[in-house]
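Worksheet for the structure shown next.
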Amino acid sequence: MQNMLIFQSLWAMERRSAVYPEQTLEENLERIAVAGFDGISTHWYDRSYVRRVAGLLKQHGLQAEGQCFPKTIDDLKPALEIAAEYNVHHICLQPDVRLRRLEDCVPLLEGWQRLGEEAGIDVLIETHRDRMTTDLFFTLDLLDRLPDLRLLGDISHFLVGREFAWPVSDENHALIHQILDNSWAFHGRVASREQVQIEISFAHHQPWVDLFLGWWEYGFRSWRKRAGSNDTLAFTCELGPKPYAITGRDGEDTTDRWAESLMLMQEARDLWTRTGLIISGGIPAIFCIPDQITR
(Lines give C-alpha, C1' and ligand atoms only; values in the text may rest on other atoms or scores of the structure.)
Protein backbone atom coordinates (compact mmCIF):
# COMPACT_ATOMS: atom_id res chain seq x y z
CA MET A 1 0.00 0.00 0.00
CA GLN A 2 1.02 3.60 -0.50
CA ASN A 3 2.56 5.12 2.59
CA MET A 4 3.82 8.44 3.90
CA LEU A 5 7.11 9.06 5.66
CA ILE A 6 7.45 12.22 7.71
CA PHE A 7 10.96 13.56 8.15
CA GLN A 8 12.33 16.26 10.43
CA SER A 9 14.96 18.63 9.08
CA LEU A 10 18.20 18.61 11.06
CA TRP A 11 18.67 22.24 10.02
CA ALA A 12 15.37 22.95 11.77
CA MET A 13 16.79 21.44 14.95
CA GLU A 14 19.37 24.24 15.20
CA ARG A 15 18.55 26.65 18.01
CA ARG A 16 20.93 29.54 17.29
CA SER A 17 20.07 30.84 20.74
CA ALA A 18 21.90 32.79 23.41
CA VAL A 19 19.78 31.03 26.02
CA TYR A 20 19.43 27.42 24.93
CA PRO A 21 22.55 25.41 24.01
CA GLU A 22 22.72 23.45 20.78
CA GLN A 23 22.03 19.75 21.08
CA THR A 24 24.43 17.15 19.75
CA LEU A 25 23.66 15.15 16.63
CA GLU A 26 23.06 12.12 18.83
CA GLU A 27 20.63 14.03 21.04
CA ASN A 28 18.74 15.43 18.08
CA LEU A 29 18.32 12.07 16.38
CA GLU A 30 17.13 10.43 19.58
CA ARG A 31 14.62 13.23 20.09
CA ILE A 32 13.39 12.89 16.50
CA ALA A 33 13.01 9.13 16.82
CA VAL A 34 11.19 9.27 20.15
CA ALA A 35 8.77 11.88 18.76
CA GLY A 36 7.68 9.46 16.05
CA PHE A 37 9.28 10.90 12.93
CA ASP A 38 10.24 8.42 10.24
CA GLY A 39 13.54 10.04 9.40
CA ILE A 40 15.53 13.20 8.83
CA SER A 41 16.58 15.59 6.12
CA THR A 42 20.24 16.57 6.01
CA HIS A 43 23.20 17.18 3.69
CA TRP A 44 24.43 14.08 1.86
CA TYR A 45 27.71 15.05 0.19
CA ASP A 46 30.31 14.79 2.97
CA ARG A 47 31.20 11.09 3.37
CA SER A 48 32.56 11.33 6.91
CA TYR A 49 29.48 13.22 8.11
CA VAL A 50 27.09 10.88 6.31
CA ARG A 51 28.87 7.83 7.76
CA ARG A 52 28.25 9.18 11.25
CA VAL A 53 24.64 10.06 10.50
CA ALA A 54 23.94 6.71 8.82
CA GLY A 55 25.11 4.81 11.87
CA LEU A 56 22.74 6.74 14.09
CA LEU A 57 19.87 6.35 11.63
CA LYS A 58 20.34 2.59 11.64
CA GLN A 59 20.39 2.58 15.42
CA HIS A 60 17.02 4.36 15.57
CA GLY A 61 15.43 2.75 12.51
CA LEU A 62 15.17 6.07 10.66
CA GLN A 63 15.42 6.97 6.98
CA ALA A 64 16.84 10.07 5.31
CA GLU A 65 16.33 12.68 2.66
CA GLY A 66 19.75 13.67 1.34
CA GLN A 67 20.29 17.26 0.27
CA CYS A 68 22.84 18.59 -2.20
CA PHE A 69 23.49 21.87 -4.01
CA PRO A 70 25.19 21.20 -7.35
CA LYS A 71 26.28 23.90 -9.77
CA THR A 72 27.20 21.49 -12.58
CA ILE A 73 26.05 18.08 -13.73
CA ASP A 74 29.13 16.38 -12.31
CA ASP A 75 28.65 18.08 -8.93
CA LEU A 76 25.82 15.61 -8.29
CA LYS A 77 28.05 12.55 -8.59
CA PRO A 78 29.55 12.59 -5.06
CA ALA A 79 26.09 12.77 -3.47
CA LEU A 80 24.91 9.84 -5.60
CA GLU A 81 28.00 7.80 -4.79
CA ILE A 82 27.48 8.37 -1.07
CA ALA A 83 23.75 7.68 -1.45
CA ALA A 84 24.57 4.32 -3.05
CA GLU A 85 26.80 3.53 -0.07
CA TYR A 86 24.51 4.95 2.61
CA ASN A 87 20.96 4.64 1.38
CA VAL A 88 18.54 7.57 1.21
CA HIS A 89 14.84 7.74 0.41
CA HIS A 90 15.60 10.37 -2.24
CA ILE A 91 17.99 13.17 -3.08
CA CYS A 92 16.72 16.72 -2.68
CA LEU A 93 18.63 18.75 -5.27
CA GLN A 94 18.74 22.51 -4.97
CA PRO A 95 20.10 23.68 -8.36
CA ASP A 96 22.62 26.27 -7.19
CA VAL A 97 22.64 28.26 -10.43
CA ARG A 98 20.81 31.43 -11.44
CA LEU A 99 20.40 31.22 -15.18
CA ARG A 100 18.11 33.52 -17.14
CA ARG A 101 17.55 31.38 -20.22
CA LEU A 102 15.59 28.13 -20.30
CA GLU A 103 18.01 26.84 -22.92
CA ASP A 104 20.84 27.01 -20.38
CA CYS A 105 18.85 25.19 -17.68
CA VAL A 106 17.50 22.24 -19.64
CA PRO A 107 20.89 20.50 -20.21
CA LEU A 108 21.63 20.66 -16.47
CA LEU A 109 18.25 19.23 -15.51
CA GLU A 110 18.48 16.50 -18.12
CA GLY A 111 21.99 15.64 -16.94
CA TRP A 112 20.91 15.39 -13.31
CA GLN A 113 17.92 13.27 -14.30
CA ARG A 114 20.17 10.96 -16.30
CA LEU A 115 22.65 10.50 -13.43
CA GLY A 116 19.83 9.72 -11.01
CA GLU A 117 18.32 7.15 -13.36
CA GLU A 118 21.71 5.49 -13.93
CA ALA A 119 22.28 5.30 -10.17
CA GLY A 120 18.74 4.07 -9.47
CA ILE A 121 18.21 6.90 -6.98
CA ASP A 122 15.30 9.33 -7.01
CA VAL A 123 16.61 12.86 -7.62
CA LEU A 124 14.04 15.59 -7.02
CA ILE A 125 14.53 19.25 -7.96
CA GLU A 126 13.51 21.52 -5.09
CA THR A 127 11.55 24.70 -5.68
CA HIS A 128 13.56 27.27 -3.76
CA ARG A 129 14.48 30.95 -3.83
CA ASP A 130 17.92 32.00 -5.05
CA ARG A 131 18.12 28.84 -7.13
CA MET A 132 17.24 27.91 -10.71
CA THR A 133 13.65 27.44 -9.51
CA THR A 134 13.40 30.77 -7.69
CA ASP A 135 10.55 32.09 -9.86
CA LEU A 136 7.17 30.41 -10.23
CA PHE A 137 6.64 31.37 -13.88
CA PHE A 138 10.17 30.35 -14.88
CA THR A 139 9.72 26.99 -13.14
CA LEU A 140 6.43 26.44 -14.97
CA ASP A 141 8.22 27.21 -18.23
CA LEU A 142 10.81 24.58 -17.32
CA LEU A 143 7.99 22.08 -16.81
CA ASP A 144 6.66 22.94 -20.28
CA ARG A 145 10.08 21.96 -21.66
CA LEU A 146 10.50 18.95 -19.36
CA PRO A 147 7.01 17.71 -18.42
CA ASP A 148 8.44 14.64 -16.65
CA LEU A 149 10.71 16.71 -14.39
CA ARG A 150 10.26 15.55 -10.81
CA LEU A 151 10.06 18.36 -8.30
CA LEU A 152 10.31 18.54 -4.55
CA GLY A 153 7.64 21.09 -3.73
CA ASP A 154 8.44 23.77 -1.19
CA ILE A 155 5.67 26.15 -2.15
CA SER A 156 6.40 28.62 0.65
CA HIS A 157 9.03 30.18 -1.62
CA PHE A 158 6.57 30.81 -4.43
CA LEU A 159 4.00 32.45 -2.17
CA VAL A 160 6.61 34.91 -0.90
CA GLY A 161 8.28 35.34 -4.27
CA ARG A 162 5.04 36.24 -6.05
CA GLU A 163 3.43 37.89 -3.00
CA PHE A 164 0.02 36.52 -3.88
CA ALA A 165 -2.83 38.85 -2.96
CA TRP A 166 -5.27 37.67 -0.32
CA PRO A 167 -7.56 35.89 -0.86
CA VAL A 168 -5.52 33.82 -3.29
CA SER A 169 -7.13 33.95 -6.72
CA ASP A 170 -8.29 30.92 -8.67
CA GLU A 171 -5.59 31.70 -11.23
CA ASN A 172 -2.83 31.56 -8.61
CA HIS A 173 -4.27 28.41 -7.07
CA ALA A 174 -4.10 26.83 -10.52
CA LEU A 175 -0.44 27.82 -10.92
CA ILE A 176 0.47 26.24 -7.58
CA HIS A 177 -1.52 23.13 -8.52
CA GLN A 178 0.69 22.73 -11.59
CA ILE A 179 3.73 22.65 -9.29
CA LEU A 180 2.04 20.20 -6.94
CA ASP A 181 1.10 17.95 -9.86
CA ASN A 182 4.83 17.56 -10.58
CA SER A 183 5.94 17.24 -6.93
CA TRP A 184 7.07 13.84 -5.70
CA ALA A 185 7.93 14.96 -2.15
CA PHE A 186 7.20 18.03 -0.06
CA HIS A 187 8.85 20.37 2.39
CA GLY A 188 6.52 21.62 5.09
CA ARG A 189 6.59 25.26 6.07
CA VAL A 190 3.80 27.85 6.21
CA ALA A 191 4.45 31.25 4.68
CA SER A 192 2.49 34.45 4.33
CA ARG A 193 2.75 36.74 1.32
CA GLU A 194 5.43 38.74 3.17
CA GLN A 195 7.31 36.15 5.22
CA VAL A 196 8.64 32.74 4.27
CA GLN A 197 7.97 31.16 7.69
CA ILE A 198 5.29 32.24 10.12
CA GLU A 199 4.30 30.86 13.52
CA ILE A 200 1.66 28.21 12.87
CA SER A 201 0.61 28.19 16.52
CA PHE A 202 -0.54 31.83 16.43
CA ALA A 203 -4.32 32.07 15.97
CA HIS A 204 -4.16 35.06 13.64
CA HIS A 205 -2.06 33.01 11.20
CA GLN A 206 -4.76 30.36 10.82
CA PRO A 207 -5.86 31.55 7.35
CA TRP A 208 -2.33 30.96 6.02
CA VAL A 209 -2.14 27.57 7.75
CA ASP A 210 -5.44 26.58 6.16
CA LEU A 211 -4.18 27.74 2.76
CA PHE A 212 -1.14 25.47 2.97
CA LEU A 213 -3.11 22.54 4.34
CA GLY A 214 -5.37 22.85 1.34
CA TRP A 215 -2.43 22.93 -1.06
CA TRP A 216 -0.78 19.94 0.60
CA GLU A 217 -4.03 17.99 0.52
CA TYR A 218 -4.26 18.67 -3.20
CA GLY A 219 -0.62 17.59 -3.58
CA PHE A 220 -1.13 14.38 -1.63
CA ARG A 221 -4.18 13.47 -3.72
CA SER A 222 -2.28 14.23 -6.90
CA TRP A 223 0.67 12.10 -5.77
CA ARG A 224 -1.61 9.15 -4.91
CA LYS A 225 -2.94 9.16 -8.48
CA ARG A 226 0.54 9.25 -10.06
CA ALA A 227 2.55 7.02 -7.74
CA GLY A 228 2.79 3.25 -7.67
CA SER A 229 0.70 1.13 -5.35
CA ASN A 230 3.64 0.48 -2.99
CA ASP A 231 5.41 3.84 -3.20
CA THR A 232 6.13 6.12 -0.24
CA LEU A 233 5.65 9.88 -0.14
CA ALA A 234 8.08 11.93 1.94
CA PHE A 235 6.97 15.07 3.77
CA THR A 236 9.69 16.99 5.61
CA CYS A 237 8.89 19.35 8.47
CA GLU A 238 11.29 22.20 7.80
CA LEU A 239 10.70 25.02 10.27
CA GLY A 240 14.11 26.61 10.05
CA PRO A 241 16.02 28.67 12.62
CA LYS A 242 16.53 32.41 12.33
CA PRO A 243 16.54 34.23 10.00
CA TYR A 244 13.76 31.95 8.71
CA ALA A 245 12.19 31.92 12.15
CA ILE A 246 10.79 35.26 13.26
CA THR A 247 12.57 36.56 16.36
CA GLY A 248 11.73 39.11 19.04
CA ARG A 249 13.74 42.00 20.40
CA ASP A 250 15.84 39.54 22.41
CA GLY A 251 16.88 37.68 19.25
CA GLU A 252 15.05 34.53 20.35
CA ASP A 253 12.35 32.65 18.43
CA THR A 254 8.85 33.97 19.02
CA THR A 255 7.54 30.42 19.20
CA ASP A 256 8.66 26.88 20.04
CA ARG A 257 9.66 25.53 16.63
CA TRP A 258 10.01 21.97 17.92
CA ALA A 259 6.47 22.02 19.28
CA GLU A 260 5.28 23.45 15.97
CA SER A 261 7.14 20.70 14.09
CA LEU A 262 5.18 18.14 16.08
CA MET A 263 1.96 19.97 15.23
CA LEU A 264 2.93 20.02 11.56
CA MET A 265 3.71 16.30 11.64
CA GLN A 266 0.25 15.55 13.00
CA GLU A 267 -1.43 17.82 10.46
CA ALA A 268 0.39 16.05 7.62
CA ARG A 269 -0.61 12.65 8.93
CA ASP A 270 -4.23 13.76 9.21
CA LEU A 271 -4.15 14.97 5.60
CA TRP A 272 -2.59 11.71 4.46
CA THR A 273 -5.36 9.75 6.16
CA ARG A 274 -8.01 12.01 4.66
CA THR A 275 -6.64 11.58 1.15
CA GLY A 276 -6.59 7.82 1.67
CA LEU A 277 -10.35 7.50 2.00
CA ILE A 278 -11.34 4.88 -0.56
CA ILE A 279 -14.41 2.99 -1.64
CA SER A 280 -13.94 -0.74 -1.61
CA GLY A 281 -16.72 -2.91 -3.00
CA GLY A 282 -19.04 0.07 -2.93
CA ILE A 283 -18.69 0.46 0.84
CA PRO A 284 -16.78 3.52 2.10
CA ALA A 285 -13.79 2.70 4.26
CA ILE A 286 -14.02 4.44 7.61
CA PHE A 287 -11.11 6.30 9.13
CA CYS A 288 -10.93 8.25 12.35
CA ILE A 289 -9.82 11.77 11.51
CA PRO A 290 -8.43 13.46 14.65
CA ASP A 291 -9.75 16.91 15.48
CA GLN A 292 -7.59 19.78 14.33
CA ILE A 293 -4.85 20.55 16.80
CA THR A 294 -5.70 23.44 19.09
CA ARG A 295 -3.38 26.35 18.46
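Some observations on this one:
- Neighbour-limited loop hits for chymotrypsin sites (Phe, Trp or Tyr not before Pro), the stretch 160-205 (at most 15 other Cβ within 10 Å; DSSP other than H, G, I, E, B): 202
- Note that the stretch 214-222 has calculated 3J(HN,Hα) couplings of x, 5, 5, 4, 4, x, 5, 5, 4 Hz, one per residue in order, obtained from phi through the Karplus relation 6.51 cos²θ - 1.76 cosθ + 1.60 (θ = phi - 60°); glycine and proline are x.
- Long-range HN-HN contacts of residue 64 with modeled amide H, under 5 Å: 40, 89
- Once backbone amide H atoms are built at 1.01 Å from N, residue 43 has 67 as its partners under 5 Å, excluding neighbours fewer than 5 places away on the same chain.
- Residues in the stretch 18-30 carry Karplus couplings, in order, of 8, 10, 9, x, 5, 8, 6, 4, 4, 5, 5, 5, 5 Hz; the curve used is 6.51 cos²θ - 1.76 cosθ + 1.60 with θ = phi - 60°, and Gly or Pro positions show x.
- Length released on extending from residue 181 to residue 11, taking residue separation times 0.36 nm less the Cα-Cα span: 58.5 nm
- One decimal place: the segment residue 96-residue 195 gains 33.4 nm when fully extended, by the rule 0.36 nm per residue minus the C-alpha distance.
- 10 Å Cβ shell holding at most 13 others, DSSP loop, GluC sites (Glu not before Pro): longest site-free stretch of the chain: 23-162
- Within straight-line cross-link reach of residue 71, lysines at Cα separation under 27 Å, skipping those fewer than 8 residues along the same chain: 242
- Per residue, the accessible area of the chain comes to 47 Å², computed with a 1.4 Å probe over protein heavy atoms only.
- The Cα center of the stretch 17-55 and the Cα center of the stretch 156-186 differ in position by 31 Å.
- Convex hull volume of the C-alpha atoms in the stretch 114-229, normalised per residue: 116 Å³.
- Rel. contact order, % - alpha carbon contacts under 8 angstrom, at least six apart, the chain: 19 percent
- Using a cutoff of 8 angstrom between alpha carbon atoms and counting only pairs six or more residues apart, the relative contact order for the stretch 7-48 works out to 55 percent.
- Of the solvent-accessible surface of the stretch 87-193, computed with a 1.4 Å probe and all protein chains present, 44% belongs to carbon and sulfur.
- Restricting the stretch 215-258 to trypsin sites (Lys or Arg not before Pro) in coil, as DSSP defines it, with at most 16 other Cβ within 10 Å: 249
- Farthest towards the positive end of the charge dipole of the chain, among the residues 106, 205, 259, is the Cα of 259, using unit charges on the Cβ of Lys, Arg, Asp and Glu.
- Computed FRET value (nearest 0.05) for residue 259 with residue 77, which takes r as the C-beta separation and R₀ as 35 Å: 0.35
- Average Cα contact separation per residue, the stretch 72-223, under 8 Å, 6 or more apart, as relative contact order %: 19 percent
- Cα gyration tensor, the stretch 6-73 - rounded (a/c under 1.5), prolate or oblate: oblate
- Projecting the Cα atoms of 157, 227, 45 onto the dipole axis of the stretch 3-280, where Lys and Arg carry +1 and Asp and Glu carry -1 at the beta carbon, places 227 farthest toward the positive end.
- Each residue of the stretch 166-182 is assigned a 3J(HN,Hα), and the resulting list reads 10, x, 5, 6, 4, 4, 6, 4, 5, 5, 5, 4, 5, 5, 5, 5, 10 Hz, derived from the Karplus form 6.51 cos²θ - 1.76 cosθ + 1.60 (θ = phi - 60°), x at Gly and Pro.
The values are calculated or read from the model by the stated rules, or taken from the named source; none is laboratory data. Since the structure is predicted, the reported quantities are computational estimates derived from the model, not experimental observations. FYI the Cβ positions are ideal-geometry reconstructions off the backbone, even for glycines, and counts take in every protein chain you see. These area figures cover heavy atoms from the full protein model, side chains too; ligands, DNA and RNA do not enter into them. Shrake-Rupley method; radii C 1.70, N 1.55, O 1.52, S 1.80 Å.
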